[in-house]
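Novice: A single structure is presented below for examination.
Here, each number is a calculation from the coordinates, and none is a lab measurement. Model, not experiment: these values are computed from the prediction. Reconstructed Cβ throughout: ideal geometry from the backbone, glycine too, with neighbour counts over all protein chains shown.
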Amino acid sequence: MTEYYSLLGAPVKVRMPFGSDSLRAKSLDVVSSFYAPSTYVAKELTAMSAETNMIAARVFSWNDMTVDHPGNLIDRRRIIGQQMMISHVTLHQGFQVLPHSHENEQFAVVLSGRMRFTVTDPQSNEVHEHILAAGQVLWFPSNVVHSATAEETSVILDLFSPVSQLTGVDHATVN
């Protein structure tokens, strides 16, 4: 028997032999443990109709989420949906993410502070520097090499699509 569940809106297909309740509980534990502790994971997976893939909207509060620290000088909370992920990060002054790229398209929304980003032009290989302050947004297309430095303590909303488990700070952090 195959059952469909929703974990923060992301459909998860779980194959269940004979509908065993104990196996169901173990399978759901495996599914929920796939996500990092900093990721908001619903206390209960919601049954989803395989025919409609319909789920209800959800309200989240950053203040209720566990903060993780994938490196020094960074505090992060994440919400993972069906097609995108949002990270609320505080980057303390001096925090650096080395040049990296990823399949995800990304928007970096600076809520406060001052950030220096570099972006490598994929055609010319020229590196362009962008200094952003509160209220500014930088878009990174898929697979474009970029880096970041917090010139002062900054609060950023990073939006990623498609969803992925790891981001640049998980692979390319200096601090």
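Novice: How many of the residues making up segment 102-114 are surrounded by 17 or more Cβ atoms within 10 Å (Cβ to Cβ) and more than 10 Å from D158 (Cα to Cα)?
Specialist: Total meeting the criteria: 4.
Novice: Tell me, which strands (runs of 3 or more DSSP E) lie completely within segment 88-152 with 3 or more residues that are within 17 Å of the chain's Cα centre (by Cα), farther than 25 Å from D64 by Cα and touching a residue at least 12 places away in the same chain (Cβ under 8 Å)? First the steps, then the outcome.
Specialist: Values: elements: 96-100, 105-120, 127-133, 137-140.
Strands (runs of 3 or more DSSP E) meeting the threshold: 137-140.
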